[in-house]
Number of protein chains: 4
Amino acid sequence: MNDRIELRSDNAAGVAPEILTAIAGANSGGALAYGGDDWTARLQQTVADVFEDPDVRVFPVVSGTAANALALAALCPPWGAVLGHETAHIIRNECGATSMFAGGAMLLGLEGPGSLVSPDALEATFASTGWGDPHNSQPAVLSLTCPTDMGALYRPEQIAALAHQAKERGLRVHLDGARIANAIAALGCSPADLTWRAGVDVLSLGATKNGALSTDAIVCFDRDPADQLVYRLKRAGHVASKMRFQSVQLDAYLTGDLWLRLATTCR
Amino acid sequence: MNDRIELRSDNAAGVAPEILTAIAGANSGGALAYGGDDWTARLQQTVADVFEDPDVRVFPVVSGTAANALALAALCPPWGAVLGHETAHIIRNECGATSMFAGGAMLLGLEGPGSLVSPDALEATFASTGWGDPHNSQPAVLSLTCPTDMGALYRPEQIAALAHQAKERGLRVHLDGARIANAIAALGCSPADLTWRAGVDVLSLGATKNGALSTDAIVCFDRDPADQLVYRLKRAGHVASKMRFQSVQLDAYLTGDLWLRLATTCR
Amino acid sequence: MNDRIELRSDNAAGVAPEILTAIAGANSGGALAYGGDDWTARLQQTVADVFEDPDVRVFPVVSGTAANALALAALCPPWGAVLGHETAHIIRNECGATSMFAGGAMLLGLEGPGSLVSPDALEATFASTGWGDPHNSQPAVLSLTCPTDMGALYRPEQIAALAHQAKERGLRVHLDGARIANAIAALGCSPADLTWRAGVDVLSLGATKNGALSTDAIVCFDRDPADQLVYRLKRAGHVASKMRFQSVQLDAYLTGDLWLRLATTCR
Amino acid sequence: MNDRIELRSDNAAGVAPEILTAIAGANSGGALAYGGDDWTARLQQTVADVFEDPDVRVFPVVSGTAANALALAALCPPWGAVLGHETAHIIRNECGATSMFAGGAMLLGLEGPGSLVSPDALEATFASTGWGDPHNSQPAVLSLTCPTDMGALYRPEQIAALAHQAKERGLRVHLDGARIANAIAALGCSPADLTWRAGVDVLSLGATKNGALSTDAIVCFDRDPADQLVYRLKRAGHVASKMRFQSVQLDAYLTGDLWLRLATTCR
């Protein structure tokens, strides 16, 4: 898609020096636990700046599976269905995490060329749904992945079109951005363009696969899932007592375009 | 498949006179609640006789969805997957009931001609499973439906072959028999031949669609799910205090081949 | 409390003749399944009349446990707590049903003399709650039982006071009315006075312990839980295909004060 | 209890230099993801040595809540009850995490002086349980905390006596060791004496409150919960892709008695 961009990254890769330095810098006593510290407050501001959304809220988590499953649980009622491409990580590779956290919600795999959800497949799912019929899990969230596990990209206008199609039916939109830095770098768009301006309500923001040590994050552009996540994360055991060590990783990652530089460097 | 047999039955149909009479006959005070009564003990014996299995255990429930979902929850761990035909009622028409009761288990729809699971589709699923890899929900139960919602039938030897294929991989086998009387009548086989002799561990036994008033049942040929169901049914609210009124329906239904006669009568 | 009133009733008791007659009367073919029938529509109107609430919605279920647990799941988020007397059936006798259906919600037992929740115990619970602190399950529902399993009664003004106290904190109010006919008969109040006029949002309406054959019900005075229950009941397997046979029992039960007469007859 | 020992530790405290050094040392590329690396293998051996149990299995997690709730879910069926002191962290401070992961299991708070479960309270709970009666959640796990959140300690023989009492009833035993290094240091016992030799099946091993950066762990002395945790951790989002950075923290923590030295140093 772009011969200068490496879209596949590596869980096994090392940690960026900037991020290691940031971790060392947070090692002072007296900080407040569970995210009540200054580093976490600064991360919140950095995310607001990078995504051009003053009301955004960010929650560090320890894995992409946690980000996806908890974000989706905050968007989908137990009787709902999450729609994604049939090859999506949430369907194929997370051992039913989303279904568990969402109280037995269904995961529906949609077809589409090149690992991308096609508007026709989405429409076909809507057409075959018994809306309001309790025999049918009710489509509640469209989850897109960019780049996909196969390295394909949605352009912002493609996300916007799919999101529009979904929202006309009352769904909300989740973006699995496990490697979103690669997508932003490859597309040359702004983070806002690929997310909330295109209709994304909640983003799973990957960092560990791209130079962080132990953190990914959930980024909420919508208030309701954020309010739920305060509780959902805690009871899932995903609120680290020394959250500051995750926050500084994310803050360093997003500062000065480090995430985009890491995404364009062959490692 | 058989021009004398009506495989589609009707939830809206009336109740057989034998069953109404049986209900009236159970209306004496002093009976023990929650299935501790003589009528329920008699049902247990009748099921043992009809299915030729002295150790069988039967649990009346109020719907086929309850029978399927609770039976499957007793067979599938939360990280497991239930495999069924992509058109199966448990996948298409029960609003995620199985996934809920099984703690977020996955439901995997398999292809196959004529609404029947094909051995090839089953093998393909096994081949693509990462056995022992926690990224993958682990196939734990094969759920077959006979007759299917489309009216197709598995012959006993077909069930046996699929069950054998599944058990070699450690799965257990569930039969959704919402209309099993129609299948037994059409195939001319014995209830045992179509179920435990073919490898079925747990059966959802339909009755309401075929002349009963308010009861279906779970029939366990295997001890472990039965032991679990004592608790699973209670906490699902599926243990009726006056269970005897369900038990007598099922007892009358299975006595003197009433169920098979009802299944061959156009109503 | 009232020497003419028998507050303890019996799951093992017989079925009232009026109810048996009503069942027989619903045995005509051609009725629509899953509650889309005329008998269920009539029940809806009867409940509206008896409870003086034109917007009320009623859902027949097969047990009191189902009524309680599903009603509470529709009122309590997974991170919430349901508060009830420490001797309440939902805490002591339902094997965690409410916690299961509510996604792991907590059940908090409150003290109080005579099996009644005391305002002081409720206030003490509120005072010790970390409101907004995700370490703490957030109190979300107050569940009262009238009469209690020990036969004690809340008067309407007592329910109103507790409900007021709860609602000031944002909780909603559930009434476990497994034997509510006994309470209404003993107190000489109207059904509305003991329920929605006192602040009750959802009622578990018992009938089986008091002359019905196989049905209790959830009665929603609030719209949101009713909208959820359409789906929650289905995926719990609690939507009987021949629901009309439950609806006619409830309709006969509530018509002409049969329920109150049964509640005052020593059986 | 011991005037030289500080039993209360601090989530906000800094990270031990040995642990920071260990993290930096694991920052080489080419390591296998999800714990398939050499550092995690070495941790496994270190835990076996420190706990004198060659078959032990250790799983790094990001919080004590994750350790407790997932360990308990692997020990308690959905219809079971976890018994702990009424002030236990799992009951008071984890927002229902255990109940969620265990499919709606009940948490029963027991009384006892000084925040310690008393044998009498345990016996009273057993005496009031309807064993085998599905109205009652069945006691399945005894969870002890040492030291407790109030700083009290069980001696090894006290744990052994309670564990014996529990195991006679078929329960398994969990130890919440969020600050277990403080207990071991204060008691002067061996890690094995306070855990599996006293009958503990699974241990939540705290490290973050005592000098680690971002990791606690589940230590299984019993095989069955360990086999489950492979899947349960994954679908809970608690398997970090770069697990080696947690493993080296724990390995450094347990090596050369660092954990015990940290526990006896006023920080």
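Any read-out appearing in this document is the output of simple, stated calculations on the displayed coordinates, not a laboratory observation. Computed from a prediction, not measured in an experiment: that's the story for all the values here. In this analysis, Cβ positions are derived from the backbone assuming ideal geometry, glycine residues included, and neighbour counts consider all displayed protein chains.
Structural remarks
- Unit Cα scatterers, Debye sum, segment B:188-267: log10 I(q)/I(0) for q = 0.12, 0.14, 0.19 Å⁻¹: -0.41, -0.55, -0.97
- Axis proximity, chain C to B: residue whose C-beta lies nearest, plus whole-Å distance: C:VAL62, 2
- 5 angstrom amide H check on D:THR145, placed H, neighbours 5+ away: D:ASP176
- Over segment C:129-176, the hull volume per residue, using the convex hull of the C-alpha atoms, is 81 Å³.
- Positive-end residue, chain C charge dipole about Cα centroid, Cβ charges, pick of C:ALA24, C:LEU110, C:GLY96: C:ALA24
- DSSP-defined antiparallel bridges as percent of all bridges, the protein assembly as shown, nearest 5: 35
- Summary for C:ALA48: label point 7 Å along Cα→Cβ; distances to the equivalent points in the other copies, ascending, 4.9, 5.2, 7.2 nm.
- Charge dipole (debye, nearest 20) of the protein assembly as shown; +1 at Cβ of Lys and Arg, -1 at Cβ of Asp and Glu: 0
- Ordering A:LEU233, A:TYR253, A:GLY211 by Cα displacement along the dipole of segment A:199-259 toward the positive end leaves A:LEU233 in first place; charges were set at the Cβ atoms of Lys, Arg (+1) and Asp, Glu (-1).
- Percent RCO, i.e. relative contact order, over chain D, from Cα pairs under 8 Å lying at least 6 residues apart: 30
- For peptide C:108-119, the mean count of partner chain Cβ atoms within 10 Å of a residue's Cβ comes to 0.
- By the Kirkwood approach, averaging reciprocal distances over each pair of separate Cα atoms, the protein assembly as shown gets a hydrodynamic radius of 29.9 Å.
- Neighbouring partner chain Cβ atoms per residue of C:243-256, average, 10 Å criterion: 1
- The calculated FRET efficiency for the pair B:ARG261 and C:GLU18, based on their C-beta separation and a Förster distance of 25 Å, comes to about 0.20.
- Only Lys, Arg (+1) and Asp, Glu (-1) charged, at Cβ; segment B:15-263 dipole about Cα centre in debye: 580
- Span per principal axis, largest first, for the Cα atoms of chain B (Å): 56, 43, 32
- Whole-Hz ³J(HN,Hα) from phi, Karplus 6.51 cos²θ - 1.76 cosθ + 1.60, for segment B:136-144, glycine and proline x: 10, 4, 8, x, 10, 9, 9, 10, 9
- Shortest-first nm distances, B:THR255 label point to equivalent points in other copies (7 Å, Cα→Cβ): 3.1, 7.6, 8.1
- Over the protein assembly as shown, DSSP H runs of length four or greater, each weighted -39,500 (n - 2.57), average out per residue to a 222 nm ellipticity of -11000 deg cm²/dmol.
- Dipole check for segment D:132-267: with +1 at the C-beta of Lys and Arg, -1 at the C-beta of Asp and Glu, and the Cα centre as origin, the magnitude is about 420 Debye.
- Label 7 Å beyond Cα on the Cβ vector: D:ARG155 copy-to-copy distances, nm: 5.7, 7.5, 7.6
- A Förster radius of 45 Å combined with the Cβ-Cβ distance from B:ALA41 to C:HIS135 puts the calculated FRET efficiency at roughly 0.35.
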